[in-house]
1. Looking only at residues in segment 198-226 that are β-branched (Val, Ile, Thr) and touching a residue at least 12 places away in the same chain (Cβ under 8 Å), which one is nearest to residue 168 (Cα to Cα)?
2. Quick one: which residue in 121, 158, 144 is touching a residue at least 12 places away in the same chain (Cβ under 8 Å) and either closer than 17 Å to residue 250 by Cα or of a type in the set (Lys, Arg) (or both)?
3. What is the residue count in segment 152-189 for residues that are open to solvent by less than 30 Å² (accessible area, probe 1.4 Å) and either closer than 18 Å to residue 55 by Cα or polar (S, T, N, Q) (or both)?
4. Do we find that residue 236 is within 18 Å of residue 117 (Cβ to Cβ) and either crowded, with 17+ Cβ neighbours inside 10 Å or modelled with pLDDT of 95 or more (or both) in this structure?
5. Exactly one of (1) at pLDDT below 95; (2) in a helix (DSSP H, G or I); (3) surrounded by 13 or more Cβ atoms within 10 Å (Cβ to Cβ) is unmet by residue 85. Its number?
6. Could you list all residues from segment 197-221 that are open to solvent by 30 Å² or more (accessible area, probe 1.4 Å) and not charged (D, E, K, R)?
7. Residues in segment 95-133 that are part of a helix (DSSP H, G or I) and open to solvent by 90 Å² or more (accessible area, probe 1.4 Å): how many?
Amino acid sequence: MSDLLDFQDAFVAALGGAPAALSPWLASREAGETGLSVYRNTIARGCVDALAANFPTVAALVGEDWFRAAAALFAREAPPTHPALLDYGEDFPTWLDRFPPAQDLPYLAGVAHLDRLWTEALFAADAPVLTAEAFTRLPPEALARAQVRLHPSVRFAAFEAGLPSLWVGVREGRDELDLSETAEGLLLSRPEASVAYRVVGPADCAFLAACRTGRSLAEAMGLAAEADPGADLQTLFAALIADGVFSGLDNGPRK
């Protein structure tokens, strides 16, 4: 077992740029370099393929050649830290934000962020979903004091422009795409088997952010009204219940 562990440590070191670590197990240095090159190329292709699968909206906007070239550079700078690549690319949106060739596409990092939220929603833990009946059991005073727990899969992001609508348009293969100047948010959740998403307004995002930080329903509604005084809060709350974004209800302050 000790020999195996020594070999594994040497192999990792060689992949990281210290090929001499493998010398005790190799007939020649040239043989080692050839094998490591093949292995590195296999890993690199796997990383690029994983990024293409995890950021399909970005890939659709910039084209396959541009995306795969950028993905290869990212994979070189930020190799995976565990064998599974299903959720690889956590730092890809931040990396794109400072990637010089992407500076002419200022919305690209935001699109990548939404792609990442979709992946996070997909792999989030399962949990029960609250229905409207759970809220009707409480009298109005108790409901105002209550706090709701968001479903583990819930993700949301607010933007000063209409980037969420652009993301949805690309994701759904629409021919006409537009980046409006209207403030929007995107809500994603996976109450059942697949990820659902919906473009929402600033009030929805303010309400959800308040719920996530443990504010009461009355406080969350107040913050939603501040974010958008014209929002119909009753309709907003009913739509969120229908989306299945709530998984728990606490009648009173959390301890």
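The values are calculated or read from the model by the stated rules, or taken from the named source; none is laboratory data. Please read these numbers as outputs of a predicted model, since none were measured by experiment. Glycine also receives a Cβ, built like all others from the backbone with ideal geometry; neighbour counts cover every protein chain displayed. Heavy atoms of the whole protein, side chains included, go into the accessibility calculation; ligands, DNA and RNA do not. Shrake-Rupley method; radii C 1.70, N 1.55, O 1.52, S 1.80 Å.
1. Step one: list which residues in segment 198-226 are β-branched (Val, Ile, Thr), which gives 199-200, 213.
Remaining after also requiring touching a residue at least 12 places away in the same chain (Cβ under 8 Å): 199-200.
Values: 199: 8, 200: 12 Å.
By that ranking, first place goes to 199.
2. 144
3. The total comes to 13.
4. Values: within 18 Å of residue 117 (Cβ to Cβ): no; either crowded, with 17+ Cβ neighbours inside 10 Å or modelled with pLDDT of 95 or more (or both): yes.
Criteria not met by residue 236.
5. (2)
6. Going residue by residue through segment 197-221, those that are open to solvent by 30 Å² or more (accessible area, probe 1.4 Å) are 197-199, 202, 209, 212-213, 215, 218-219, 221.
Scanning segment 197-221 gives 197, 199, 202, 209, 213, 218, 221.
7. Of the residues in segment 95-133, the ones part of a helix (DSSP H, G or I) are 95-97, 100-102, 108-123, 132-133.
From the residues that got through so far, the ones that are open to solvent by 90 Å² or more (accessible area, probe 1.4 Å) too are 97, 100, 123, 133.
The total comes to 4.
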